[in-house]
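Working notes, beginning with the structure itself.
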Amino acid sequence: MSHFLPVKLEHASRLINHGPTVLVTSAHGGRRNVMAAAWSMPVEFTPPRIAVVIDKSTYTRELAAASGTFGICVPGYAMMDLTYAVGSSSGRDIDKFEAFGIDTVEGPVLKLPLIETNCAAWLECRLIDEKHTEDAYDTCFAEVIAAAADARVFSNGHWTLDDSNQPLHTLHHLGAGKFARASSMEQARPITPAV
Ligand SMILES: Cc1cc2nc3c(=O)[nH]c(=O)nc-3n(C[C@H](O)[C@H](O)[C@H](O)COP(=O)(O)O)c2cc1C
């Protein structure tokens, strides 16, 4: 049973604001793919825009360029091994969803393959034409067209990370397959300047 609910576009930036490793999904001409990406970030609240580094050597980049779209899925701790696996293999010759047994749902607007099982959230994105940053820095800018999140970990525009939802705690790549988990939340307290 899916616990995913739509996220208001004005809250979409919060889904990747804390720098989780994400999965980039793509599809074109009957082919589909998924890869890991540690380098993504929001760049605008309204309309919601994001940037993600997708190396020009990847099959993902080829499919995203051809379709003008890509999906971002935010994997939870329960998906750590699969996240590393799809980031360590290319979909040029295999369907990684099939090879690794990853179930997909169809995105409501762009019809992209998206992952809900063991993921905390997804975003459907339309590429913004920024040839220079793509060519020079492999940085792809996109507008978020639709977003949804698992209500057990993100609802009413806010994350809740506690012991009850550990499998959905987001992953943060430290390098070489080691990840830190976002496993607790702390509230900053206001400090009054001394002078
Ligand atoms: C944890 C992790 C994070 C990664 N982050 C990025 C990234 O931000 N950008 C990128 O281009 N590749 C990144 N990669 C590498 C791609 O996921 C990898 O090249 C993948 O095999 C590309 O798959 P594809 O050819 O099927 O698109 C990452 C890999 C791992 C394991």
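Distance between the pseudo-spin-label points of VAL43 and ARG181 (7 Å out from Cα toward the beta carbon): 3.3 nm.
Per residue, the convex hull around the alpha carbon atoms of the range 74-119 comes to 79 Å³. Relative to the compact-globule estimate of 2.2 N^0.38 Å, the Cα radius of gyration of the range 1-63 comes out at 1.26. In the chain, helical runs assigned H by DSSP with n ≥ 4 each contribute -39500 (n - 2.57); averaged across all residues and rounded to the nearest 500, the mean residue ellipticity at 222 nm is -3500 deg cm²/dmol.
Summarised as an ellipsoid, the chain has semi-axes of 26, 20, 17 Å, derived from the eigenvalues of the Cα gyration tensor scaled by 5 and square-rooted, with the largest first.
Global size of the range 62-170: 15.0, 44 Å for Rg and Dmax (C-alpha atoms, Rg to one decimal, Dmax whole). Shown here for the range 109-195: GluC sites (Glu not before Pro) in loop regions (DSSP other than H, G, I, E, B) with at most 15 other Cβ atoms within 10 Å, namely GLU130, GLU186. Only lysines eight or more places from LYS56 in sequence, or on another chain, were considered; those with a Cα closer than 21 Å are LYS96, LYS131.
The numbers here are math on the coordinates, done by the rules we state, and not lab data. Just so we're clear, the structure is a prediction, and the values are computed from it rather than from any experiment. FYI the Cβ positions are ideal-geometry reconstructions off the backbone, even for glycines, and counts take in every protein chain you see.
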